[in-house]
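The values are calculated or read from the model by the stated rules, or taken from the named source; none is laboratory data. Keep in mind that what you see is a predicted model, and the values were worked out from it rather than measured. Every residue, glycine as well, gets a Cβ built from its backbone with ideal geometry; the counts of neighbours run over all protein chains shown. The accessibility values were calculated without ligands, DNA or RNA, using every heavy atom of the protein model including side chains. Shrake-Rupley method; radii C 1.70, N 1.55, O 1.52, S 1.80 Å.
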Amino acid sequence: MHEFVGEWHSMTMDLFSRHTSPELLQEKLGPGSVILRDFALADVVALLAAVESILAKAPFRHMVTPGGFEMSVAMSNCGSYGWVTDRTGYRYDALDPLSGQPWPGMPDVFRVLAANAAAQAGYNDFSPDACLLNRYESGARMSLHQDKNEKDFSQPIVSVSLGVSAMFLFGGFKRADKPAHVPLNHGDVVVWGGSDRMRYHGVLPVKQAHHSLLGSRRINLTFRKAS
Ligand code: SIN
Ligand code: FE2
């Protein structure tokens, strides 16, 4: 199945396909997945203001995996549920373990952007109840994994990239399947669901670089329906 990704990937790397509107750059990654280039650009100022207000209540922190390793990516969450990991496992929790309080609510600008991106990718009525905020400093990475702590795999995943560029890995259904390498830049949105929902994915170590709004950082917002 990952051959399909590789095939599409090589077909689309230098050949952009424009669908539905002349402004929209859409690159098909697989039967249920698409990159929407620049899709979040118009909302960046509002998104970053919302990120700041979330972080004031729920700051970025480096969580620990069940195996005892500190993640290089720092994380926070907003919405009804937040994704957390500690020595007892991976899960969604309605409370921030740092504060003991509910996670900050999901800002409208987040919810609307995620729903619009999902609809653009063919998933109508996406209503995320969880948004994971990932902060990558240079060298931070995310190893290949599947998103599988959610209850309903019929709902897609929407991933928004801000700041420094990164190389996203979009693989197959086994960890060992060779992933496609997809550069993601400030403002790009990736949506995957349907038959691609359980694909392994990850991020190569982020290179030292400077972004005018975020300095050396990459911030990724990952929207999911957890419950
Ligand atoms: C994730 O899989 O949670 C993060 C993906 C990304 O940072 O692009
Ligand atoms: Fe993920």
Task: Which of 155, 200, 71, positive extreme of dipole for the chain (C-beta unit charges) - done: 71
Open item on the list: How far apart, in nanometres, would the label points at residue 42 and residue 124 be if each is projected 7 angstrom from Cα along the Cα-to-Cβ direction?
Closed with: 2.2 nm
- [ ] Quote the charge dipole size of region 9-224 about the Cα centre in Debye, to the nearest 20; the model charges only the Cβ of Lys and Arg (+1) and of Asp and Glu (-1).
- [x] 560 debye
Task: Contact order relative to length of the chain, as percent, for alpha carbon pairs under 8 angstrom and 6 or more apart - done: 24 percent
Task: For peptides 67-73, 46-52, sequence by mean Cβ density within 10 Å, most packed first - done: 46-52, 67-73
TODO: Enumerate the calculated ³J(HN,Hα) couplings along region 147-160 in order (Karplus 6.51 cos²θ - 1.76 cosθ + 1.60, θ = phi - 60°), each rounded to whole Hz, writing x wherever the residue is Gly or Pro.
DONE: 8, 9, 8, 8, 7, 10, 7, 6, 8, x, 10, 10, 10, 10
- [ ] Sort out for me the Cα centre separation of region 140-157 from region 77-106, rounded to whole Å.
- [x] 16 Å
TODO: For region 91-103, take each phi angle, set θ = phi - 60°, evaluate the Karplus expression 6.51 cos²θ - 1.76 cosθ + 1.60, and give the result in whole Hz per residue in order, putting x for glycine and proline.
DONE: 6, 9, 9, 6, 10, 6, x, 6, 9, x, 9, x, 4
Open item on the list: Can you give me the angle between helix 44-57 and the longest principal axis of the chain, using Cα atoms only, in degrees from 0 to 90, rounded to the nearest 10?
Closed with: 20 degrees
Open item on the list: 7 Å from Cα along Cα→Cβ at both residue 211 and residue 137: what's the point-to-point distance in nm?
Closed with: 1.6 nm
Task: Amide hydrogen neighbours beyond the local backbone of residue 62, cut-off 5 Å, H modeled - done: 75
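Write down the accessible area per residue of the chain in Å², having rolled a 1.4 Å probe over the full set of protein chains. If you can, show how the numbers build up before the last one.
Values: 10290 Å² over 227 residues.
Heavy-atom SASA per residue in the chain reads 45 Å².
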TODO: Could you state the angle between the C-alpha long axis of helix 2-12 and the longest principal axis of the C-alpha atoms of the chain, as a value from 0 to 90 degrees rounded to the nearest 10?
DONE: 70 degrees
Task: region 9-224, accessible surface, carbon-and-sulfur percent (1.4 angstrom probe) - done: 56 percent
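How large is Rg/Rh for the chain, to two decimals, with Cα atoms and a Kirkwood Rh?
Rg/Rh: 0.93.
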